[in-house]
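To start, the structure under review is shown below, and the notes come after it.
The values are calculated or read from the model by the stated rules, or taken from the named source; none is laboratory data. Treat the numbers as computed from the prediction; the structure is a model and nothing was measured. FYI the Cβ positions are ideal-geometry reconstructions off the backbone, even for glycines, and counts take in every protein chain you see. With ligands, DNA and RNA removed, areas are computed over all heavy atoms of the protein, side chains included. Shrake-Rupley method; radii C 1.70, N 1.55, O 1.52, S 1.80 Å.
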Amino acid sequence: QVQLVESGGDLVQPGGSLTLSCTASTRTHTFYFMAWYRQGPGQQRDLVARITALDSTAYSDSVKGRFTISRDNDRNMLYLQMNDLKPEDSATYFCHANDYAGHVYWGQGTQVTVSS
């Protein structure tokens, strides 16, 4: 059973930075697609950033220029560097992965709160 475990969520002031990490229980090179999603209270889960096996990245318009997604296949890790955080970035952030067999995996989420 593949597991994804997020960490790094915290309370941070507006303008601050955080780095989220996602640890996979299997080799991340088996995932052709990895991503970060976020979900606020009473809201749908939205794609924040994604990275493919060829390290092609894409971002939602709301985080473009502030967030950076990266993966380290040697450590089986996915990261999300978040800069210039805003209150509207507050949400539970989820790690997501798709493997080449068509299986979809989700982590349990990590809470990010941006508030003064």
Point to revise | Long-range HN-HN contacts of G109 with modeled amide H, under 5 Å | key: E6, C95
Revision key, fill the gap. In Å², rounded to a whole number, the accessible area per residue of the chain with probe 1.4 Å is 53
**Study point:** Tail fraction, Cα-Cα pairs, segment 1-79, threshold 17 Å, whole percent
**Key:** 50
Point to revise | Alpha-carbon spread of segment 51-90, three principal axes, descending order, Å | key: 33, 17, 13
**Study point:** Computed magnitude of the charge dipole of the chain (debye, nearest 20; Cβ of K, R +1, Cβ of D, E -1)
**Key:** 100
Review point. Any idea of Y59's accessible area? Nearest 10 Å², probe 1.4 Å.
Key: 60
